[in-house]
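The structure appears below as structure tokens.
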Amino acid sequence: MGVFGAIEAGGTKFVCGVGTGPDDIVTTRIPTTSPETTVAAAVSWLRAESGGELRAVGIGSFGPVELKRDSPSYGHITSTPKMGWRNFDLAGAVRKALSVPVAFDTDVNASVLGEARWGAARDVENCLYLTVGTGIGGGAILSGRLLHGMTHPEMGHVRIPHDLVRDPFRGNCPYHGDCLEGLASGPALEARWGVSPLELADDHPAWVLEAEYLAYGIANFVCTLSPELVLMGGGVMRRARLFGMVRSELSRLLAGYVARVPEVIAPGLGDRAGVLGALALGLEMKPEQDLGLVHV
């Protein structure tokens, strides 16, 4: 029957997997260096681990990426701040090296797909996944389908209220300054407070501000996308008490306007959501699809 390959392509590491589901997947981590070196290492591992029996590969990638099938840049990482990866044909490079069908989407869309198939979002028709770490990104399933549009959701770059008297930090997004990512990502926390978020005590005022910013972002998504469930992953969300703070602040901001405040919880698959979601992208490819790049 063969096995499926998965690549969760991140800005600091590629998590690669081979298997057919969460019970048999085998994974490895490869540092993200240059495109050529990183892809060569990922392809070599996938080939060896699968014994040459790969049926397809799913890729969930950091972005921005091009997802429109009729674009000559389909499968490329586009305007990323990681200059060496800008305009790199990631999906095409993997397909060419392995000669198998490749499914391609964002890392956060892969994560929400994995959660819908095997994790906390099973049997949930409308779900949002946010990752809060090196950056902030979001993916969504609405009416049972992954959300796409002109490009793909860029939830980390929504604009939120920013009181410069209370928080004079100008934000560190190279494009927008004080968008959600520029104010609430891990690097933003470190730039504002001068230490890694891991070193901030639970009672540090950083977390009150962080919970407020994250809740502002989620309130926007609740009012526009109406998810039943919000999953939050990423390194910053390893601070477990932050979930309760975000839930409380979200309820305050929504102020009783919506009928029900959605649950805000950790991903059921934990750190495996991304690589399992990439595997799900490959599994969902149709038998009639050949070696062309496939967006599912």
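The values are calculated or read from the model by the stated rules, or taken from the named source; none is laboratory data. Computed from a predicted structure; not experimentally measured. Heads up, the Cβs are rebuilt from the backbone with ideal geometry, glycines too, and the neighbour counts pull from every protein chain shown.
Kindly indicate the residue of segment 154-165 that is without any contact (Cβ under 8 Å) to a residue 24 or more places away in the chain and within 16 Å of residue 214 (Cβ to Cβ) and also farthest from the chain's Cα centre (by Cα) among those meeting that condition.
Result: 163.
Which numbered condition in (1) under 19 Å from the mean Cα position of the chain (by Cα); (2) touching a residue at least 12 places away in the same chain (Cβ under 8 Å) is the only one that residue 238 fails?
Tallying (1) under 19 Å from the mean Cα position of the chain (by Cα); (2) touching a residue at least 12 places away in the same chain (Cβ under 8 Å), residue 238 fails exactly one: (2).
Which condition from (1) over 30 Å from residue 195 (Cα atoms); (2) loosely packed, with under 15 Cβ neighbours inside 10 Å is the one that residue 240 breaks?
(1)
Can you tell me how many residues within segment 38-59 are under 26 Å from residue 82 (Cβ atoms) and hydroxyl-bearing (Ser, Thr, Tyr)?
2
In segment 39-69, what residues are of a type in the set (Ser, Thr, Tyr) and touching a strand residue (DSSP E or B) at 6+ places or on another chain (Cβ under 6 Å)?
The answer is 50, 61.
If we keep just the residues of segment 12-21 that are surrounded by fewer than 17 Cβ atoms within 10 Å (Cβ to Cβ) and touching a residue at least 60 places away in the same chain (Cβ under 8 Å), which is nearest to residue 122 (Cα to Cα)?
This residue is 21.
Restricting attention to segment 45-56, and to residues there that are in contact with a Leu (Cβ under 8 Å, 6 or more places away or on another chain) and part of a helix (DSSP H, G or I), which single residue is surrounded by the most Cβ atoms within 10 Å (Cβ to Cβ)?
The extreme case among them is 46.
Pull up segment 161-199, narrow it to residues that are charged (D, E, K, R) and in a helix (DSSP H, G or I), then point me to the one that is farthest from residue 238 (Cα to Cα).
192
From 134, 151, which residue is surrounded by fewer than 17 Cβ atoms within 10 Å (Cβ to Cβ) and part of a loop (DSSP other than H, G, I, E, B)?
151
Which residues, counting only those in segment 1-11, are crowded, with 19+ Cβ neighbours inside 10 Å and over 19 Å from residue 106 (Cα atoms)?
Across segment 1-11, the qualifying residue is only 3.
Out of the residues in segment 95-121 that are more than 18 Å from the chain's Cα centre (by Cα) and assigned to a loop (DSSP other than H, G, I, E, B), state the one that is surrounded by the fewest Cβ atoms within 10 Å (Cβ to Cβ).
For segment 95-121, the residue satisfying everything is 99.
Here are some residues: 84, 92, 63. Which one is assigned by TED's automatic domain parsing to the domain that holds residue 33, closer than 17 Å to residue 134 by Cβ and outside any loop (DSSP other than H, G, I, E, B)?
Testing whether each residue is assigned by TED's automatic domain parsing to the domain that holds residue 33, closer than 17 Å to residue 134 by Cβ and outside any loop (DSSP other than H, G, I, E, B) leaves just 84.
Looking at this structure, is residue 114 among the small types (Gly, Ala, Ser) and on the phi > 0 side of the Ramachandran plot?
no
Going by the conditions given, is residue 34 modelled with pLDDT of 95 or more, out of contact with any Pro (no Cβ under 6 Å at 6 or more places or on another chain), outside the structural domain of residue 134 (by TED's automatic domain parsing) and surrounded by 13 or more Cβ atoms within 10 Å (Cβ to Cβ)?
no
Just for segment 66-81: of the residues that are in a loop (DSSP other than H, G, I, E, B) and under 25 Å from residue 172 (Cα atoms), which one is modelled with the lowest pLDDT?
81
Look through segment 147-172, keep the residues that are hydrophobic (A, V, I, L, M, F, W, C) and at pLDDT 95 or above, and return whichever of them is nearest to residue 226 (Cα to Cα).
Checking each candidate, the answer is 155.
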